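Down below is the structure, laid out as structure tokens.
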Amino acid sequence: MLPDIKGFDVLRELRARARTPVLMLTAKGDEFDRVLGLQMGADDYLAKPFSPRELIARIGAILRRSGWQSEQGGPPRPLSIRSGDLELDLAGRSASRLGEHLHLTSAEFDLLHAYFGIARTRALPGSLAERVLGRKFSPFDRKH
């Protein structure tokens, strides 16, 4: 049980922004909640308690169905975000501009990912850097 928001509200927010596969893991296992979760856009619904083997099997099935993984069970397909001449490879956590690799720190990559994934669709309160880092940004975060 989430402390400040209901799981169905999180699902609604995710579905409004992204096509990310969603597996709901919940203590609410009655038929009404399972059907509601699936109708709201969850790809699968698993009530507690569950075995780790079943969880892994369901994740694999979702990845195959969603196209994030090949039917042969190979590695997930690389995900990327493109904007103009910039491309982020989410699986490899790398970026390129006009096909040329950009040397980014982990924090810089996270900033770009947050910007392209969130900031382009709505205004963010406060600093994007602070949102990604979870703390105040320091000039010493990037060492040359």
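Kindly rank 98-104, 32-38 from highest to lowest mean number of other beta carbons found within 10 Å of each residue.
On the way: 98-104: 10.0, 32-38: 15.1.
Result, highest mean first: 32-38, 98-104.
Around Phe8, with a cut-off of 11 angstrom between Cβ atoms, what is the net charge of the other residues, counting Lys and Arg +1 and Asp and Glu -1?
Working: positive: Lys6, Arg12, Arg15, Lys28; negative: Asp9, Glu13, Asp33.
The answer is +1.
None of the figures in this text is laboratory data; all of them are computed from the coordinates on show. What you see is a predicted model; the values in this text were computed from it and never measured. Note: ideal-geometry Cβ built from the backbone for every residue, glycine included; neighbour counts use all protein chains shown.
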